[in-house]
Number of protein chains: 2
Amino acid sequence: MENATRIAGLLAEIGADWAILTGADSVCFATGHVVPVEIGFSPFAGGPTIAFVSRDGAVGLVCPNTDAGQGGPWEEISYPGFACAVTDQIGNYLRAVQDMIARLGVAGRVAVEPASLTAAVADLLPGERRVIDRPLARLRAIKTAREINLLRRAAVVAAMGQREAPTASIPGRSELDVLNAIRARMETEVGVRCALAGEYLAGVERSATLGLAPGAYRLRPGDPVVCDLAPRVQGYWGDSCSSFVVGGEGTAAYRAMHDACFGTLQLALSELRPGLRVCEFDARLRAHLKSQGYYYPHHSGHGIGTSVHEWPRLVPDETAMIEENMVLMVEPGSYVPGLGGIRCEFMLRVTRAGAEAMAMF
Amino acid sequence: MENATRIAGLLAEIGADWAILTGADSVCFATGHVVPVEIGFSPFAGGPTIAFVSRDGAVGLVCPNTDAGQGGPWEEISYPGFACAVTDQIGNYLRAVQDMIARLGVAGRVAVEPASLTAAVADLLPGERRVIDRPLARLRAIKTAREINLLRRAAVVAAMGQREAPTASIPGRSELDVLNAIRARMETEVGVRCALAGEYLAGVERSATLGLAPGAYRLRPGDPVVCDLAPRVQGYWGDSCSSFVVGGEGTAAYRAMHDACFGTLQLALSELRPGLRVCEFDARLRAHLKSQGYYYPHHSGHGIGTSVHEWPRLVPDETAMIEENMVLMVEPGSYVPGLGGIRCEFMLRVTRAGAEAMAMF
């Protein structure tokens, strides 16, 4: 649990004794324990799963019995959430939290996550608080070797989905039919269900419209497709986007736009390096694409890890410095009424002197 | 928003002035606003989406801009969660909550949900608290006409998935391939992606083992299958389970076990009625199945609505009275090493004098 050790170091820096991590992404970052998220908050949980990390490197986990025992050298208390009897999930949860606080001897200053720390848990904790979010986000942005392996695996799974996408994009199928065929390919590869973010939009109008969700629209030959696939594998997200035309190569205008977007992604791969500021990198990508007459109204990308969007987001006003072993999504695109939409997205790992694509497709 | 009016009545009963609902299921119950859950807690949210309901029937909603404007006669404040700029989601969220508290004039006693009320929100609320969970669970158990229509729709979608299941269960496909083919059928019918709980397990050993997740196992002719499908449609869950044999009818022993389980489900349909206690109903089902030599170690079923498992759970020690317009899942099963697993599950609506299946397959 190298990340727990890193968090212990962070606590010393920010003057706190304990981290009380209540976000599913932070819990997984600290311990590797994967909180199931696919149906939202579990009806068998009495509150958020919690990872406790001390300044000395002690680690505790409180989770419902439905996802206990994933293994790891932490103290674990699981509570009855699912049972063949009347079950007081909230009472059981709070008793487990109390037991863990006593067992670990949680005292002093606690660093917490305000988006998810519940009032019921806060009432059990010592009163002196720090907010851990920003320093933790910065710590999480730099990936360990273990995390890079996990992210590479997620990138490879996403790439498998992307390679399946043109084959699965058969005229007459709905967008949702195709997305689920691709999902089947990725999940069978992983061997378990994966939470999946992303989109699959087909047709000139739909592919050029941001903010739509995949629907019952049935593919026609010649439809441009934007296929954005982000599966969660062992708690770490992969992300990716490809753009293609159903059963063909598209018009000359489409191909020119694709070349410009893919070229911008290639530029990103050659430009990305430690020591560059995010805003400079973002500006170079936008300028390169603009010089060819195209433009995207969204971010240039984002960090990724145990959350599908992490700090730093690649936006024009982010002044953070790019560092070695950040893993960044880069996703230039163009959306033109009457022509269609294109977005090209790889996972890029920042290396000592440059960057590498974690998977290509 | 009939349910908001019902909650207002509940507040009067429990001596509270405001309900502060922070569970995604409670928010949907009160307002109809659907919180996306498929990838867990949104990276663009600064805290849980909140529905405010007053004793006078005033309703407010605070949600991120990513899922704002679903429409409804409530006061809505959405905050920037996703933007092409550096964004302080938590700060924006807490300002929106504060604005809503001021706009609605939240004061007096507040009734809260301890599993999800965050400390950051609690700090903004009046200090006098009630816990709303148990009375709200009891209120939610009795469905309105609108909710019954929504649950019937979800039941019909699940039934479509169930009818697709034997056709999709082709030898050589993995469990996850089949589950996603079924999911495609249901989602294309609905027109958008649906959160999906449940399982699909094939083979004598896997179908007879509780607690497994669908995996890469590839179907063989003659495999028994347990197919449990629970899609969320417009915020309301459907649930269902069928059991069948890949490409055939199964052995005589399998068919006898199937008859016993399905017969127990039929018994449930004829026995379920208002005025019966849950524990009596549960005991009758277990006794009927036991008289034929079979047994299940899990609950007999559960309530369903904006959460896939709701009060009352059908367990031996639940003394609650069954009431008209409860919607209950009933799922007798049997799991025999060497023979396989079977579970048969319908959604049953309690009527004035009996019960009806909301969909059959």
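If you take the beta carbon distance between A:Ile148 and B:Asp259 as r and set R0 to 60 Å, what does 1/(1 + (r/R0)^6) give as a FRET efficiency, to the nearest 0.05? Before the final figure, lay out each step's value.
On the way: r = 55 Å, r/R0 = 0.91.
Efficiency at R0 = 60 Å is approximately 0.65.
The long axis of helix B:175-190 is offset from the longest Cα principal axis of chain B by roughly 50 degrees. Largest GNM mean-square fluctuation across A:Thr264, A:Thr87, A:Thr209, computed for chain A with C-alpha springs under 10 Å, falls on A:Thr87.
Could you compute the FRET efficiency for B:Thr319 and A:Glu75, with r as their C-beta to C-beta distance and R0 at 30 Å, rounded to 0.05?
Working: r = 37 Å, r/R0 = 1.22.
About 0.25, to the nearest 0.05.
When chain B is treated as a GNM with alpha-carbon contacts under 10 Å, the residue of B:Ile182, B:Ile322, B:Ile90 showing the greatest mean-square fluctuation is B:Ile90.
For A:Cys241, the shell of other residues with beta-carbons less than 13 Å away shows a net charge of -4, using +1 for Lys and Arg and -1 for Asp and Glu.
Determine the shielding of peptide B:144-157 by partner chains: average, over its residues, the number of Cβ atoms on other chains within 10 angstrom of each Cβ. Don't jump to the answer; show the numbers that get you there.
Numbers: counts 0, 0, 0, 0, 0, 0, 0, 0, 0, 0, 0, 0, 0, 0.
Shielding by partners across B:144-157 averages 0.
Roughly how many nanometres apart are two label points built 7 Å out from the Cα toward the Cβ at B:Gln266 and A:Gln266? So the label points at B:Gln266 and A:Gln266 sit 6.8 nm apart. Calculated FRET efficiency, A:Val192 to B:Leu276, Cβ-Cβ distance, R0 = 51 Å: about 0.85 to the nearest 0.05.
If the only charges are +1 at each Lys and Arg Cβ and -1 at each Asp and Glu Cβ, what is the size of the charge dipole of chain B around the Cα centre, to the nearest 20 debye? If you can, show how the numbers build up before the last one.
On the way: 33 positive and 39 negative charges, 98 e Å.
Its charge dipole is roughly 480 debye.
Extension gain, B:Ala12 to B:Val131, is 41.5 nm, computed as 0.36 nm per intervening residue step minus the present C-alpha separation. Footprinting exposure proxy ranking of B:Trp18, A:Trp311, fewest other C-beta atoms within 10 angstrom first, gives A:Trp311, B:Trp18. Per residue, chain B reaches -11000 deg cm²/dmol at 222 nm when only DSSP H runs of four or more residues are counted, each adding -39500 (n - 2.57). The antiparallel fraction among DSSP beta bridges confined to chain A stands at about 80%. This model, with +1 at the C-beta of Lys and Arg and -1 at the C-beta of Asp and Glu, gives the range A:2-141 a dipole about its Cα centre of some 320 debye.
Looking at A:Tyr79, B:Phe44, A:Pro135, which one has the Cα that reaches farthest to the positive end of the dipole of the protein assembly as shown (charges on Cβ: Lys, Arg +1; Asp, Glu -1)? The residue sitting most towards the positive pole is B:Phe44. Across peptide A:348-357, the mean count of Cβ atoms from other chains lying within 10 Å of each residue's own Cβ comes to 0.
Largest GNM mean-square fluctuation among B:Leu21, B:Leu289, B:Leu117, using chain B with Cα springs under 10 Å: B:Leu117. Compute the separation of the alpha-carbon centres of the range A:202-260 and the range B:34-52 and state it in Å as a whole number. What the calculation gives is 26 Å, centre to centre.
Of interest is the spacing of the C-alpha centroids, which for the range A:140-171 and the range B:91-130 amounts to 40 Å. Only beta bridges with both residues in the protein assembly as shown are counted; by DSSP, about 80 percent of them are antiparallel. Charge dipole (Cα centre; +1 on Lys/Arg Cβ, -1 on Asp/Glu Cβ; no other charges) of the protein assembly as shown amounts to roughly 560 debye. Around B:Pro135, what is the net charge, scoring Lys/Arg as +1 and Asp/Glu as -1 over all other residues with Cβ under 13 Å from its Cβ? Charge balance near B:Pro135 sits at +2. Inter-chain neighbour count for B:171-182: the average number of beta-carbon atoms from partner chains within 10 Å of each residue's beta-carbon is 5. If you take all other residues with their beta carbon under 9 Å from the beta carbon of A:Ala168, and give Lys and Arg +1 and Asp and Glu -1, the sum is 0.
Where a number appears in this text, it was derived from the coordinates with a stated rule and is not lab data. It should be emphasised that the depicted structure is a prediction, and the values quoted were computed from it without experimental measurement. Note: ideal-geometry Cβ built from the backbone for every residue, glycine included; neighbour counts use all protein chains shown.
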